[in-house]
Amino acid sequence: MNLITKVPRFKKILTIFFILTFALTAVVSAQVRYVVIPESPRPGDPFTVAVNAAATEAQLIVNGRQVAKAACFYMPAEGGQPSFTAAILAIPDDIAYNTAIIRIINRNVICEIPITFTAREFRTETIRLTPELTNLVSVPDPQKTAESQRLWEILTTMGTQVYHTGAFLLPITSTRRTSQFGTRRVNLYSDGRRIPSTHAGVDFGAPTGTEVTACGRGMVILSRMRIVTGNTVIIEHAPGVYSIYYHLDSVIAQEGSIVEAGSLIALSGSTGFSTGPHLHWEIRVSTINTDPDAFTGSPLIDKELIISRIYN
Ligand SMILES: [Zn+2]
């Protein structure tokens, strides 16, 4: 008798369990609200994606292929404002205009956000290299290989700290730009080769010894001489977000120290692969070259806008 009644009861419990699970899943997915800032970024632009749910990773998927990913970080509630989870990503500058999705992961996919890109044109320029510069970039050297490996290791490291949330400051007072972000270059080597490249940052012409300041608060990850980029400083500002300063005459910032926005980190120069005194300023977001100007006009993490969009 007992056996006969137990089976239907078990089935009933199982059915209720499944109904509850489905209902809960529906409620959870319905509750995931998101915002993407800016709404339609251009190739080479950063963007912030934020959700009102726990998440570990954000992925940018274009034509079914993952082109970028970043760790999500938690922004705790403060000043009576609610908490949220965010990630900073970037659109690669060589991507064809297309529609794409951002996938938010918390073990499984918790939401898929459609995103469109705004088309963009880049300039072109030709750079004629001296035999010395041709050798600098083309002669194999184990130290150069080790230095690129170290750089890649830094750029692929996703920390958890958010050191800076506001807009970035320009790192130098010079307004004389000698090369823009994303410029398609043809390098004319002294041996006749024509090697294409893309300019990953912004160049400011400045006399050797001009003060270079941190564009934002952050942790100094590298501050030393490198063969190709000369004296170099790299600062981490948020998970996957690094500012980079090349061809410096000398470095002042100490590796491992925290620097404030606007604090002196180096003096500009013309060390490494450089054709004249200038500062090369570059920003990487989850390894992607990103337009530095996109960071000076609006906050890195626009807390107020995020909260107003996902909670109101
Ligand atoms: Zn440059």
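Residue by residue, here is whether (1) more than 27 Å from S179 (Cα to Cα); (2) of a type outside the set (A, V, I, L, M, F, W, C); (3) in the same structural domain as T198 (by TED's automatic domain parsing); (4) out of contact with any Pro (no Cβ under 6 Å at 6 or more places or on another chain) holds:
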site	(1), (2), (3), (4)
F47	no, no, no, no
A53	yes, no, no, yes
A58	yes, no, no, yes
Q66	yes, yes, no, yes
C72	yes, no, no, yes
P114	yes, yes, no, yes
P131	no, yes, yes, yes
Study note, to complete from the structure: For the stretch 264-284 the number of residues that are under 22 Å from Y242 (Cβ atoms), within 16 Å of the ligand (Cβ to nearest atom) and not charged (D, E, K, R) is 12
Check your understanding: Do the conditions hold for H237, that is, is it surrounded by 22 or more Cβ atoms within 10 Å (Cβ to Cβ), more than 22 Å from D141 (Cα to Cα) and either assigned by TED's automatic domain parsing to the domain that holds A146 or over 22 Å from the mean Cα position of the chain (by Cα) (or both)?
Key -> yes
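Condition test on T229, is it of a type in the set (S, T, Y) and within 13 Å of the ligand (Cβ to nearest atom)? Reasoning before the result, please.
Numbers: of a type in the set (S, T, Y): yes; within 13 Å of the ligand (Cβ to nearest atom): yes.
Considered against the rule, which asks whether it is of a type in the set (S, T, Y) and within 13 Å of the ligand (Cβ to nearest atom), T229 comes out as yes.
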Study note, to complete from the structure: Residue count, the stretch 211-226, condition in a loop (DSSP other than H, G, I, E, B) and either aromatic (F, W, Y) or more than 16 Å from the ligand (Cβ to nearest atom) (or both), comes to 3
Point to revise | Residue that is surrounded by the fewest Cβ atoms within 10 Å (Cβ to Cβ) [pool: residues in the stretch 171-210 that are within 13 Å of the ligand (Cβ to nearest atom) and of a type in the set (V, I, T)] | key: T198
Practice item. Please find, among T296, T287, the residue that is out of contact with any Ser or Thr (no Cβ under 8 Å at 6 or more places or on another chain) and away from the ligand (no atom under 16 Å from the Cβ). Key: T296
Exercise for review: Could you pull out every one of the strands (runs of 3 or more DSSP E) wholly within the stretch 244-312 that has 3 or more residues that are under 19 Å from V202 (Cα atoms) and either of a type in the set (S, T, Y) or free of Cβ contacts under 8 Å to residues at least 60 places away in the same chain (or both)?
Suggested key: 264-268
Point to revise | Where M225 falls short, out of the listed (1) surrounded by 17 or more Cβ atoms within 10 Å (Cβ to Cβ); (2) among the hydrophobic types (A, V, I, L, M, F, W, C); (3) modelled with pLDDT of 95 or more | key: (1)
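The values are calculated or read from the model by the stated rules, or taken from the named source; none is laboratory data. The model shown is predicted, which means the values in this text are computed figures rather than measured ones. Here the Cβ is made from the backbone with ideal geometry for all residues, glycine too, and neighbour counts use every protein chain on show.
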